[in-house]
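Take a look at the structure set out below.
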Amino acid sequence: MTPRPARNRAIIAWILYDIGSSGYIFLIPGIAYAIFFREQVCGGGADCDGQWGLLVSLTLLLSGLLAPLLGAIADLGNLRHRLFIAMTLLCGLGCFALMTVQAGGILWGVLAFAATQMGYLLATSLYDAYLPELGTEKTLGRLSGWGWGLGYIGGIICYFLFRAVQSAGQFNAVTESRSAFLIAGIWVLALCLPALLWLPRQTPRTDLPLIRQSYRQVWETLKSLPQRPHLLKFLIGFYLISDAIVTINNFLGIYLTTQFGLTLTEILQYGVLFNLVSIPATILFGFLGDRFSAHRLLYGLLSLWGLAIGIMTFSADPATPFVLAVLLGLIFGSTQAFCRGWFARLVQENQAAELFGFNALAGRLAAIVGPLLFGGVSSLTGDQRLAMASLALFLGIGAIFLRQVPSSNLAQVFDSKEVDF
């Protein structure tokens, strides 16, 4: 058993990593690079929504396909921490590469973002796999909630750093976006450093043909899923719900720009409000996840998601961006932290990286369909609101699958671990 001080230090580092990675996800794919790609790299035409959706979908597909294999390599070869470091560095350094993208530079704009985003996506699947090792069945929900909830502090601080840099000089649309990329890169590398140093690591194994054995392990896990119905149903349900959530995240900045004429600065201001609401809401849902039925919390969260999609579909009131910032702040991180804690109860610790890789694959394969559907509907009809409405279908079908999954794996034996919260 890991000594208690070392475990608590690892938990602090794990939470700090969420704060660091949240700064990236707030500034880069959700707002700054989405708008920069559409308006500067692509040229702002009607087909640019479709091109951005295709780019987001391809990065999700590639990282999703790699995640189970990377997880199996991490589990079998005791290489989780080394791979985690490599993917984190790819994301942080990739933010600096985004600064070199020129207006109209489609090829480099695609490659630089794809590498950066895949580093983030693969690092987070490995990061999530530490959760069963750091928590107990009684604390997984709150630990997931603390990490995700406090992670929103990263978005808030990055916003104020962006405003400070912005007020120090004259910026046009291009240099304003590049300043956001610079801030994100520095933030990721600085805040993720404790996790790279303090999270548990293992002695790498050299006594087996790792790549061949990892492929075999992934194949065996795939074949066994029909005999593990609760795990399979969770992956399908999570697949569908993630479809809607990731699509909203990747198109919300564009939606607010085109439907309400908001500038990058105004969107970032609403983003700060979103983060301020998300911090207590996500932490609260983490505690509720350890105390109440997972199904009851799921129905409540999905009802609020339905309300948010309805507002984005029908409302043209000038107060809509404010209402969405508050409503999405209540449910965005809460839903994802809740699902992460729920899944951690269903996996065995010695297969955590691989199974969280399959969880990542499920979410990302689904998220390919959502951006493609949104981008296709928007490009063909010119109606982003209709594209938003189409996402409600994923939430409804996802709920049907998740209602059949137990709140925890009662056969799973968890080690007794002393953790203070």
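In the stretch 161-185, which residues are among the hydrophobic types (A, V, I, L, M, F, W, C) and either more than 25 Å from Leu276 (Cβ to Cβ) or without any contact (Cβ under 8 Å) to a residue 40 or more places away in the chain (or both)? First the steps, then the outcome.
Of the stretch 161-185, the ones among the hydrophobic types (A, V, I, L, M, F, W, C) are 161-162, 164-165, 168, 171, 173-174, 180-184.
Of everything in the stretch 161-185, those that are among the hydrophobic types (A, V, I, L, M, F, W, C) and either more than 25 Å from Leu276 (Cβ to Cβ) or without any contact (Cβ under 8 Å) to a residue 40 or more places away in the chain (or both) turn out to be Leu161, Ala164, Val165, Ala168, Phe171, Ala173, Val174.
Please state which one of Leu107, Leu90, Leu83 is without any contact (Cβ under 8 Å) to a residue 60 or more places away in the chain, of a type in the set (A, V, I, L, M) and closer than 22 Å to Phe251 by Cα. Quick ask: steps written out before the conclusion?
Values: Leu90 fails: closer than 22 Å to Phe251 by Cα; Leu83 fails: closer than 22 Å to Phe251 by Cα.
Answer to the check: Leu107.
Quick one: which of Gly77, Gly94, Gly64 is closer than 24 Å to Ala360 by Cα and in contact with a Pro (Cβ under 8 Å, 6 or more places away or on another chain)?
The unique qualifying residue is Gly77.
Just to confirm my filter: which helices (runs of 4 or more DSSP H) fall fully inside the stretch 1-107 and include at least 3 residues that are on the phi < 0 side of the Ramachandran plot and among the hydroxyl-bearing types (Ser, Thr, Tyr)?
The helices (runs of 4 or more DSSP H) meeting that bar are 4-27, 48-77.
Would you check which residues across the stretch 255-265 are assigned to a helix (DSSP H, G or I) and either more than 17 Å from Ser315 (Cβ to Cβ) or among the polar types (S, T, N, Q) (or both) and list them?
Within the stretch 255-265, Thr257, Thr258, Gln259, Leu264, Thr265 meet the criteria.
Here is a check on your reading of the model: is Phe234 closer than 20 Å to Leu131 by Cα, at pLDDT 85 or above and not polar (S, T, N, Q)? Walk me through it before giving the result.
Working: closer than 20 Å to Leu131 by Cα: yes; at pLDDT 85 or above: yes; not polar (S, T, N, Q): yes.
Yes: the conditions hold for Phe234.
Leu199: out of contact with any His (no Cβ under 7 Å at 6 or more places or on another chain) and in contact (Cβ under 8 Å) with a residue 60 or more places away in the chain, yes or no?
no
Only one of (1) at pLDDT below 90; (2) over 14 Å from Ile248 (Cα atoms); (3) in a helix (DSSP H, G or I) is not met by Gly333, so which one is it?
Of (1) at pLDDT below 90; (2) over 14 Å from Ile248 (Cα atoms); (3) in a helix (DSSP H, G or I), only one is false for Gly333: (2).
Does the stretch 87-107 contain at least one residue that is of a type in the set (Val, Ile, Thr), over 20 Å from Gly185 (Cα atoms), more than 20 Å from the chain's Cα centre (by Cα) and surrounded by fewer than 24 Cβ atoms within 10 Å (Cβ to Cβ)?
So far as the stretch 87-107 goes, yes, one or more of its residues are of a type in the set (Val, Ile, Thr), over 20 Å from Gly185 (Cα atoms), more than 20 Å from the chain's Cα centre (by Cα) and surrounded by fewer than 24 Cβ atoms within 10 Å (Cβ to Cβ).
For the list (1) part of a helix (DSSP H, G or I); (2) over 21 Å from the mean Cα position of the chain (by Cα); (3) modelled with pLDDT under 85, I need the number of the one condition that Asn409 fails.
It is condition (1) that Asn409 fails.
Take Phe322 and tell me if it is more than 20 Å from the chain's Cα centre (by Cα), modelled with pLDDT under 85 and of a type outside the set (Lys, Arg).
For Phe322, the condition - more than 20 Å from the chain's Cα centre (by Cα), modelled with pLDDT under 85 and of a type outside the set (Lys, Arg) - is not met.
Show me the helices (runs of 4 or more DSSP H) entirely contained within the stretch 133-246 in which 2 or more residues are surrounded by 23 or more Cβ atoms within 10 Å (Cβ to Cβ).
Counting at least 2 such residues, we get 140-167, 173-198.
What are the pairs, 6+ residues apart or on separate chains, where a residue within the stretch 41-52 that is within 18 Å of Leu98 (Cα to Cα) has its Cβ under 6 Å from a residue that is among the charged types (D, E, K, R)?
These pairs meet every condition: Trp52/Arg38.
Which members of the stretch 252-304 meet the condition of being touching a residue at least 60 places away in the same chain (Cβ under 8 Å) and hydroxyl-bearing (Ser, Thr, Tyr)?
Tyr255, Thr257, Thr258, Thr265, Ser278, Thr282, Ser293, Tyr299, listed by residue number.
The values are calculated or read from the model by the stated rules, or taken from the named source; none is laboratory data. This structure is a prediction, so every number in the text was calculated from the model and none was measured. Quick reminder, even Gly has a Cβ in these numbers, built from the backbone with ideal geometry, and neighbours come from all protein chains shown.
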